[in-house]
1. Looking only at residues that are surrounded by 13 or more Cβ atoms within 10 Å (Cβ to Cβ) and in contact with a Pro (Cβ under 7 Å, 6 or more places away or on another chain) in region 17-29, which one is nearest to ASP49 (Cα to Cα)?
2. Condition first: over 12 Å from the mean Cα position of the chain (by Cα) and aliphatic (A, V, I, L, M). Now tell me which residues in region 27-57 satisfy that.
3. PHE35 - would you say it is in contact with a strand residue (DSSP E or B) (Cβ under 7 Å, 6 or more places away or on another chain), of a type in the set (Phe, Trp, Tyr) and assigned to a loop (DSSP other than H, G, I, E, B)?
4. Starting from region 21-35, keep only residues that are closer than 14 Å to GLY72 by Cβ, then list their pairs with residues that are among the hydroxyl-bearing types (Ser, Thr, Tyr) and at pLDDT 95 or above whose Cβ atoms are within a distance under 7 Å, requiring at least 6 positions of separation or different chains.
5. Would you point out which residue out of LYS41, LYS62 is touching a Gly at 6+ places or on another chain (Cβ under 6 Å), outside any strand (DSSP E or B) and surrounded by fewer than 21 Cβ atoms within 10 Å (Cβ to Cβ)?
6. Which condition does GLU34 not pass, out of (1) at pLDDT below 95; (2) of a type outside the set (A, V, I, L, M, F, W, C); (3) under 20 Å from GLY99 (Cβ atoms), if it passes all the others?
7. Within region 37-61, can you find the residues that are touching a residue at least 12 places away in the same chain (Cβ under 8 Å), polar (S, T, N, Q) and more than 13 Å from ARG98 (Cβ to Cβ)?
8. For region 65-102, which positions are part of a loop (DSSP other than H, G, I, E, B) and either more than 18 Å from ARG30 (Cα to Cα) or of a type in the set (Asp, Glu) (or both)?
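The values are calculated or read from the model by the stated rules, or taken from the named source; none is laboratory data. As the structure is a computational prediction, the values presented were derived from the model and not from experiment. As a convention, Cβ positions derive from the backbone with ideal geometry for all residues, glycine included, and neighbour counts pool all protein chains shown.
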Amino acid sequence: MSMLKTLFGMGPKVDLSKIMKQGAIIVDVRTPDEFKSGHVKGSINIPLDRIQGQMGKLDKSKPVITCCLSGGRSGRAADILTSNGFEAYNGGPWTVVRGMKG
């Protein structure tokens, strides 16, 4: 049962603000136009459709927090990064991540 809870997001929550304090890289996976309309200060823009080819730009020694508009694309990006050896977390909507960063 606990595995199902984790799969459906009802398991233990990760403290993203703590991960940010550890020097996490924030990757916004929205389109460049969406990114230009507003984003988390210090985040980098790598659209979801380019994440596979641009992972080399990221430092594997640091955790990565992905964000987008609603959390869907960032969830897919976090899964891709995790399956490629990154410590990656879905931060959900960029506005929420921005609020955590201060």
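1. Among residues in region 17-29 that are surrounded by 13 or more Cβ atoms within 10 Å (Cβ to Cβ) and in contact with a Pro (Cβ under 7 Å, 6 or more places away or on another chain), the one nearest to ASP49 (Cα to Cα) is VAL29.
2. Hit for region 27-57 is MET55, nothing else.
3. no
4. Hits for this filter: ASP28/SER43; VAL29/THR66; VAL29/SER74.
5. Within the list LYS41, LYS62, the selection yields LYS62.
6. If we test GLU34 against (1) at pLDDT below 95; (2) of a type outside the set (A, V, I, L, M, F, W, C); (3) under 20 Å from GLY99 (Cβ atoms), just (1) comes out false.
7. Scanning region 37-61 gives ASN45, GLN52.
8. ASN84, GLY85, PHE86, GLU87, GLY102 - these are the residues of region 65-102 that are part of a loop (DSSP other than H, G, I, E, B) and either more than 18 Å from ARG30 (Cα to Cα) or of a type in the set (Asp, Glu) (or both).
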